[in-house]
Amino acid sequence: MKKVPILDKTIAVIGLGYVGLPLALAFSKCYKTLGFDINDNRISELSRGFDKTGEAEEHELLGAKSLIYTSQLDELKDADIYIVTVPTPVDKFNRPDLTPLHNASKSIGKILSCGNLVIFESTVYPGATEEECVPYLESESGLTANVDFFYGYSPERINPGDKNNRLESIIKLTSGSCESAALEVDSLYKSIISAGTYLCASVRVAEAAKAIENTQRDVNIAFVNELTMLFNKLGLDVNDVLDAASTKWNFLDFRPGLVGGHCIGVDPYYLSHKSQSLGYYSEIISVARRVNDSMSEYVVSKLVRALITAGADLKSVKLLIMGLTFKENCPDIRNSKVIDICQELQKLNISFDVYDPYVDEEAVYNEYGIGVIKELPPSDYDAAIVTVGHDTFKELGAAGVRKFLKSGSIIFDVKAIYPQRDVDLRL
């Protein structure tokens with residue numbers, strides 16, 4: 001590997017979304033950094049100091065003097081290190097879609113030079129870096145891995161919307177294609193991560209560790225979601241049960257809810273895909289996914305039963321859905337299970353409005369064909385479903401929500417952000 005003092009290296013970050021932008025900003029404090037994205041509009045917005053993801057403030061974007069934003073691949077050709085942070089979604093059949101990763105690998109391969117280091121941060125299944133990415137790097141560049149260039153894997157651990165647990169304060173897993181590459185990757189991240197790093201035994205170990213982090217959460221939440229459905233039949237509030245059980249020191253306090261987003265709701269499919277390719281059927285992972293994917297339908301059915309019991313005419317009711325993002329206090333709508341709730345209601349021809357002050361209404365409509373309102377009319381709704389725990393909703397309170405409901409209407413607090421006595425339904 002080309003021996004260049006770390007601080008003298010130029011770093012190119014490929015993909016400037018929720019993962020890539022914070023990473024590029026962090027590296028730019030110590031290195032000349034190139035932030036690349038294929039979306040020209042994204043580059044234009046960042047250059048003007050606007051980040052639609054809400055992860056970076058205007059002063060951070062405009063103050064990063066060592067960071068250059070570009071959508072031109074040729075401008076990256078003099079970089080020493082390439083870091084790939086593109087999304088790794090699943091298709092409509094929940095199969096891994098590695099198209100963005102393949103395209104990024106091909107692009108880097110076109111400009112790759114001897115001595116370069118390529119690091120992947122995108123979440124994948126164990127073996128994907130070596131099996132899916134490196135071959136493109138080699139074929140496009142004509143170079144040989146671990147001879148002419150080197151590679152590593154350091155999975156992202158970004159938590160969108162979290163202002164406390166930031167990139168620099170979360171321990172970073174690192175790995176490399178050989179011992180010298182691993183040490184280089186580890187030293188690179190140590191220079192920006194105040195929490196420190198953990199050097200994994202291999203690239204595949206780092207890939208697997210990332211995959212099971214979110215799969216473990218998915219399994220635990222599925223267990224609690226299943227308990228929710230059981231306790232509902234017993235006439236028990238699952239949150240009361242969890243509060244009681246949580247008094248024991250070693251009880252894991254997971255809460256029920258909708259499991260969406262680009263991590264917990266996606267990563268398990270990557271692991272199960274790899275498992276099946278090896279002829280092993282991962283039962284727990286698959287069952288957990290089925291349970292969590294069914295929760296949107298469960299929420300709708302529970303609300304519909306409550307409306308019918310209250311004597312409502314489903315043909316004339318109007319519902320208010322509070323929150324569309326996959327989690328609180330961020331504009332991220334990727335794989336939001338609230339979309340599934342909307343689609344279930346549409347199947348039943350039940351009228352509803354969606355209110356979420358965090359989202360881009362145009363982006364939501366273009367992606368899902370769902371309109372989002374920014375102001376709420378008073379006394380207009382027969383029920384409200386609080387699907388996301390935004391701080392603005394917490395500050396509004398259940399009493400504030402009732403101002404927008406008709407007399408005797410229902411508040412279904414899916415996220416349990418209000419006291420039980422102030423709402424009509426909870427999971």
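The values are calculated or read from the model by the stated rules, or taken from the named source; none is laboratory data. Being a predicted model, the structure only gives us computed values, none of them experimental. Reconstructed Cβ throughout: ideal geometry from the backbone, glycine too, with neighbour counts over all protein chains shown. What goes into the accessible areas is simple: the full protein's heavy atoms, side chains included, and nothing from ligands, DNA or RNA. Shrake-Rupley method; radii C 1.70, N 1.55, O 1.52, S 1.80 Å.
Numbers below:
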quantity	calculated
Qualifying residue in the stretch 264-286 (condition: out of contact with any Gly (no Cβ under 6 Å at 6 or more places or on another chain), in a loop (DSSP other than H, G, I, E, B), crowded, with 16+ Cβ neighbours inside 10 Å and in contact (Cβ under 8 Å) with a residue 60 or more places away in the chain)	yes
Residue match in the stretch 243-263 (condition: in contact with a strand residue (DSSP E or B) (Cβ under 7 Å, 6 or more places away or on another chain) and more than 30 Å from Glu57 (Cα to Cα))	no
Subset tally (residues that are open to solvent by less than 50 Å² (accessible area, probe 1.4 Å) and either on the phi > 0 side of the Ramachandran plot or touching a residue at least 40 places away in the same chain (Cβ under 8 Å) (or both)) for the stretch 143-161	10
Residue check for Tyr368: under 21 Å from Tyr298 (Cβ atoms), out of contact with any Lys or Arg (no Cβ under 9 Å at 6 or more places or on another chain) and aromatic (Phe, Trp, Tyr)	yes
Which listed residue is farther than 25 Å from Leu425 by Cβ and touching a Ser or Thr at 6+ places or on another chain (Cβ under 9 Å), from Val266, Val338, Val317, Val299	Val266
Flag if Leu188 is in a helix (DSSP H, G or I), under 17 Å from Lys9 (Cβ atoms) and either in contact with a Phe, Trp or Tyr (Cβ under 8 Å, 6 or more places away or on another chain) or in contact (Cβ under 8 Å) with a residue 60 or more places away in the chain (or both)	yes
Candidate set from the stretch 305-321 (those that are open to solvent by less than 20 Å² (accessible area, probe 1.4 Å) and within 29 Å of Ala363 (Cα to Cα)); member that is nearest to the chain's Cα centre (by Cα)	Ile321
Test result for Leu345, in contact with a strand residue (DSSP E or B) (Cβ under 7 Å, 6 or more places away or on another chain), among the hydrophobic types (A, V, I, L, M, F, W, C), surrounded by 14 or more Cβ atoms within 10 Å (Cβ to Cβ) and free of Cβ contacts under 8 Å to residues at least 60 places away in the same chain	yes
Matching entry among Leu314, Leu303 (being in contact (Cβ under 8 Å) with a residue 12 or more places away in the chain and in contact with a strand residue (DSSP E or B) (Cβ under 6 Å, 6 or more places away or on another chain))	Leu303
Residues that are of a type outside the set (Ser, Thr, Tyr) and touching a Ser or Thr at 6+ places or on another chain (Cβ under 7 Å), drawn from the stretch 52-85	Ala64, Leu67, Leu73, Asp78, Ala79, Asp80, Val84
So Leu167, is it closer than 19 Å to Tyr82 by Cα and either open to solvent by less than 10 Å² (accessible area, probe 1.4 Å) or out of contact with any Cys (no Cβ under 6 Å at 6 or more places or on another chain) (or both)	yes
Filter result for the condition that a residue is surrounded by 15 or more Cβ atoms within 10 Å (Cβ to Cβ) and touching a Cys at 6+ places or on another chain (Cβ under 7 Å), over Ser28, Ser105	Ser105
Verdict on Val364 being over 30 Å from Glu207 (Cβ atoms) and out of contact with any strand residue (DSSP E or B) (no Cβ under 7 Å at 6 or more places or on another chain)	yes
Residue list for the stretch 70-93, restricted to those being closer than 26 Å to Val124 by Cβ and not in a loop (DSSP other than H, G, I, E, B)	Thr70, Leu73, Leu76, Ile81, Tyr82, Ile83, Val84, Val90
Selection count, the stretch 357-376, where residues are outside any loop (DSSP other than H, G, I, E, B) and not hydroxyl-bearing (Ser, Thr, Tyr)	7
Residue count for the stretch 397-415, restricted to those that are farther than 16 Å from Leu319 by Cα and under 26 Å from the mean Cα position of the chain (by Cα)	1
Hits in the stretch 48-69 (condition: part of a loop (DSSP other than H, G, I, E, B), in contact with a Lys or Arg (Cβ under 9 Å, 6 or more places away or on another chain) and either under 30 Å from Arg290 (Cβ atoms) or of a type in the set (A, V, I, L, M) (or both))	Ala64
Failed item in (1) among the charged types (D, E, K, R); (2) part of a helix (DSSP H, G or I); (3) closer than 23 Å to Tyr355 by Cα, with Arg290 passing the rest	(3)
Among (1) part of a loop (DSSP other than H, G, I, E, B); (2) surrounded by fewer than 22 Cβ atoms within 10 Å (Cβ to Cβ); (3) among the hydrophobic types (A, V, I, L, M, F, W, C), the one test that Leu324 misses	(2)
Residue count for the stretch 395-427, restricted to those that are surrounded by 15 or more Cβ atoms within 10 Å (Cβ to Cβ) and not in a strand (DSSP E or B)	13
